[in-house]
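Reading through the structure tokens given below for one structure.
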Amino acid sequence: MNLHNPNDPRILVFAYSNVGYECLKLLLSRQENVIGVVTHEDNPNEKCWFASVAKLAQQYKIPVYTPKNVNQPEHTAKILQLKPDLIFSFYYRNLINDDILQSARLGAFNMHGSLLPKYRGRAPINWVIINGETGTGATLHYMVRQADAGDIVDQQAVTITHTDTAKSLAEKVTQAATQVLARQLDAIKTGNAPRIPQDHSQASYFGKRTPEDGKIDWQQSASQIYNLIRALTHPYPGAFTELKGQRYCIWQARPHDDHEHKQTPGSVISTSPLLIATGKGALEILQMDIQ
């Protein structure tokens, strides 16, 4: 049971994934007045490696809503009837319409998994690793019509190591997100949250990724391919290559950037260890399977 102070702001939470779960858990541990949780139905075709936001809310007897499109008039009307004072979006996957956002007198706030204005959009955790970044973080910002473009409340940076995978980095970013939320929650509840305008000239935007985007381009350098592999390894669908109609998913590898060869990129240099020629250097395959 959520034993909150009835005078606390009425908080409506849109949440999914690991950040959604942990941020909701933080609100509940502080006995905040969470009046409802909007989340996504679990997809049986998706490998869910994170805890269920819906189940957590249900444990606290909080109403759970799973509309396919929250912006349809009937769903918007239902949400407006809840009369939220404050809205949080923690890794909710869909844009939320202005009628909903503007219904909260204390504002609507989103937690994004990058250091905005860099890496706006989808899959920021995967993209920063693919692009070889050495740092990222979590940003809490005001929600506006354009995705991830609102004024910043607070940020927390994390380091990306050379061995981080998307899963290990997601765990770091989740921890950063909960720290930011804990740090700013009281200010948000009293209407005193900081507002730091984003420098839109520094913004970068990345789109949704699909499993087919994991196809390896052997013309790239060993390091670039290695980054793709660790960005897409378990629990994600994996980076892959195709040979004679078979798809080979590579889950773990080691780049040898200084390995000089005259082989065509994608060809086998040696079988023990399994070393594949790339556009620059060679890639040692440590774990692979046939799909």
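What follows draws every value from the coordinates through simple rules; no lab data is involved. For clarity, every value in this text was computed on a predicted model and none was experimentally measured. Methodologically, a virtual Cβ is constructed for each residue, glycine included, from the backbone with ideal geometry; neighbour enumeration extends over all protein chains shown.
The GluC sites (Glu not before Pro) of segment 9-81 meeting both criteria, a DSSP state outside H, G, I, E and B (loop) and at most 12 other C-beta atoms within 10 angstrom of the site's C-beta, are 41, 46. With neighbour counts taken as other beta-carbon atoms within 10 Å, the residues 70, 153 rank, fewest first, as 70, 153. Annotation: the antiparallel percentage among DSSP beta bridges lying fully within the chain is about 60.
Taking a straight line from the alpha carbon of residue 244, these lysines sit under 16 Å away, with near neighbours fewer than eight places off in the same chain left out: 215.
Rounded to the nearest 20 debye, the dipole size of the chain about its Cα centre is 440 debye, using +1 on the Cβ of Lys and Arg and -1 on the Cβ of Asp and Glu.
Per residue of the chain, the DSSP helices (runs of n ≥ 4 H) give a summed -39500 (n - 2.57) that works out to -7500 deg cm²/dmol at 222 nm. The alpha carbons of segment 11-206 stretch over 47, 38, 32 Å along the principal axes, in descending order. Note on residue 83 and residue 55: the model spin-label points, each 7 Å out from Cα along the C-beta direction, lie 3.5 nm apart.
Taking every C-alpha pair closer than 8 Å and separated by at least 6 residues, the mean separation divided by the residue count of the chain gives a relative contact order of 14 percent.
List the lysines whose Cα sits under 22 Å from the Cα of residue 208, skipping any in the same chain fewer than 8 residues away. Residue 208 reaches 47, 68, 118, 167, 172.
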